[in-house]
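Chemist: Next up is a structure, given as structure tokens.
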Amino acid sequence: MVYHVQFPGLGLDLTVNRVALAIGGFNIYWYGVIIAAGMLLAMLYAFRNAVDYGIDSDRLVDVVAIGTVMAIVCARIYYVAMAPFAYQSLWEMIDIRLGGIAIYGGILGGMLAVFLYARRKKLNFLTLTDVLAPGVLLAQAIGRWGNYFNMECYGPEILSPALQFFPVGVLIPDGTGGYVWHMATFFYESLWNLCGFCALWAMRKRQTRPGNVLAWYLLIYGSGRFIIEQLRQDSLYVGSLRASQWLSLVFCVIAAGWLLWGCYGKKRRKLWLSLLSALLLTARWFLLNAPLWYGLVLLLGLAAGFASLAPLKGRGRFFWLLPLILDLTGLALCAAFPASFFLHLHTALCSATLSLYVGWLSGPSFSPKENAAKETEPCPPET
């Protein structure tokens, strides 16, 4: 199938065939090529940084190979399980060339494969995932463009001519030979993941506790996915939320709990106060349409955070200022202007500030002096 791809704001007008290469009667689609390119960059990143974690390159090859296969299989199983009656044959269920893999299925499958491998080889599972997580987020940033070539994972139609430009929107075929502007949710997530990768790369050497990089990956990706998912048109609901939103919420809570436990595990009162603060700040997601309640929950979350961080000195005590300014800006714009654009902006800022607030609450985890390198458990040499 051939698509007429237009980016009017960039002056680009292209004709793109979904088939990148045909070998005999077998078609290789751009969707698969782009995802493969993302995986390749993820592997290169992991091999480049494996030495810093004390991981042998031969073992990393095994982990990446097994994890990749398991991730693809589980990603497809998850996707098919969401709509099992949409397929006419077993071949349609296993054919991923036309799209149809769920990233959360891939994440769960890949983590399971790494866990089983680490247990069999007596390696540190958390150390392995720490070296892999940033590369996975980079691969996700690149892979989202495969969704565009498949003309999927887009948001609602954009009716305002003032917002009909890329990167806010993208032209999607309407099925009648024409094109309609839709929100470019694939691009939003790609940009979010790219920024998340940069954040993980910047903090990787300061996160000396095994599992912290993985926790930040789950928190950053989960918070962005929770917000962006509600804009998509092709998601499956489970109750009042989409299935991916439930998983995002679970991942964010687990990740925040892990990071805060590492800071205050031996200080029970501070631990519970920081966890309460994180839960209240997460609850803002459900109050985006109620500015007064949103503001009240925000203040309570900050109060609990201040109580848990009272003895903390230095710049960490003031790290809350940046997310608070962003948060209040989004809240004020949303309350002053009822247009959906400002609600979406407030929603995005709410998600972005969650990671910043958790970073403030887990401030001690960024201090290499307080987290000695002895906590890091490198993988032992193979015997």
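Values in this text are rule-based calculations from the coordinates and carry no lab data. Nothing here was measured: the structure is a model prediction, and the numbers come from that model. Note that we place each Cβ from the backbone using ideal geometry, even for glycine, and neighbour counts take in every protein chain shown.
Chemist: Provide the convex hull volume over Cα atoms per residue for the range 178-320, in Å³.
Modeler: Dividing the Cα hull volume of the range 178-320 by its residue count gives 146 Å³.
Chemist: Another one. Helix by helix, which DSSP H runs in the chain go 20 Å or more along their axis at the Cα atoms and have an average Kyte-Doolittle hydropathy of 1.6 or more? Could you put the intermediate results ahead of the total?
Modeler: Working: long enough: 30-49 (29 Å, 1.30); 57-82 (37 Å, 1.37); 103-121 (27 Å, 0.83); 125-149 (35 Å, 0.86); 185-203 (27 Å, 0.96); 212-229 (25 Å, 0.95); 243-264 (32 Å, 1.43); 268-282 (21 Å, 0.82); 291-308 (26 Å, 1.63); 321-336 (22 Å, 2.05); 340-361 (31 Å, 1.18).
Both cut-offs are met by 291-308, 321-336.
Chemist: Can I ask one more? Mean projection of the alpha-carbon convex hull of the range 256-346 over all orientations, in nm²?
Modeler: Result: a mean projected hull area of 6.0 nm².
Chemist: Right, here's the next one. Relative to 2.2 N^0.38 Å, what does the C-alpha radius of gyration of the range 62-150 come to as a ratio? Two decimals please.
Modeler: 1.19
Chemist: Continuing with the same structure: Sort 25-31, 243-249 by the packing proxy (mean of other Cβ within 10 Å over each peptide's residues), most packed first.
Modeler: The most tightly packed comes first, giving 243-249, 25-31.
Chemist: So for each of 223-229, 56-62 I average, over its residues, the number of other beta carbons within 10 Å; can you give me the resulting order with the highest mean first?
Modeler: 223-229, 56-62
Chemist: Here's something else I'd like to know. Any idea what diffusion coefficient the range 169-260 gets from Stokes-Einstein, in µm²/s, Kirkwood Rh on alpha carbon pairs, 10 °C, 1.306 mPa s?
Modeler: On the way: Rh = 14.9 Å.
My calculation gives 107 µm²/s for D.
Chemist: When only Cα pairs under 8 Å and 6 or more residues apart are kept, what is the percent relative contact order across the chain?
Modeler: Normalised by residue count, the contact order of the chain is 16 percent.
Chemist: Below 15 angstrom from the Cβ of Asn49, what's the summed charge of the other residues (Lys, Arg +1; Asp, Glu -1)?
Modeler: Net local charge, Asn49 excluded: +2.
Chemist: Which three extents, in whole angstrom, do the alpha-carbon atoms of the range 29-178 cover along their principal axes, largest first?
Modeler: For the range 29-178, the Cα spread along each principal axis is 57, 39, 22 Å.
Chemist: What is the distance in Å between the Cα centres of the range 174-211 and the range 53-120?
Modeler: For the range 174-211 versus the range 53-120, the Cα centre distance is 20 Å.
Chemist: Something else now. With runs of 4+ DSSP H residues as the only contributors, calculate the mean residue ellipticity of the chain at 222 nm using -39,500 (n - 2.57) per run, divided by the residue total and rounded to the nearest 500.
Modeler: Numbers: 12 runs with 225 residues, N = 383.
Value at 222 nm, helices only: -20000 deg cm²/dmol.
Chemist: Any idea which of Ser190, Phe306, Thr282 is furthest toward the positive side of the dipole for the range 183-334, if Lys and Arg beta-carbons carry +1 and Asp and Glu beta-carbons -1?
Modeler: Projecting each Cα onto the dipole axis, the largest value belongs to Phe306.
Chemist: Have a look at Leu123, Pro134, Asn147 and report the one farthest towards the positive end of the charge dipole of the range 110-220, computed about the Cα centre with Cβ charges (Lys/Arg +1, Asp/Glu -1).
Modeler: Leu123
Chemist: Distances longer than 41 Å among the Cα atoms of the chain: what percent of all pairs is that?
Modeler: Value for the chain: 16 percent of Cα pairs lie more than 41 Å apart.
Chemist: What are the equivalent ellipsoid semi-axes of the range 117-232, built from the alpha-carbon gyration tensor (square roots of five times its eigenvalues), in whole angstrom, biggest first?
Modeler: Output for the range 117-232: semi-axes of 36, 14, 10 Å.
Chemist: Please give the peptides 215-222, 153-160, 17-24 ranked by average Cβ packing (other Cβ atoms within 10 Å per residue), highest first, as a rough proxy for protection.
Modeler: By packing density, highest mean first, the sequence is 215-222, 153-160, 17-24.
Chemist: Treating only the Cβ of Lys, Arg, Asp and Glu as charged (+1, +1, -1, -1), what charge dipole size does the chain show about its Cα centre? Round to the nearest 20 debye.
Modeler: On the way: 28 positive and 19 negative charges, 347 e Å.
Computed charge dipole of the chain: roughly 1660 debye.
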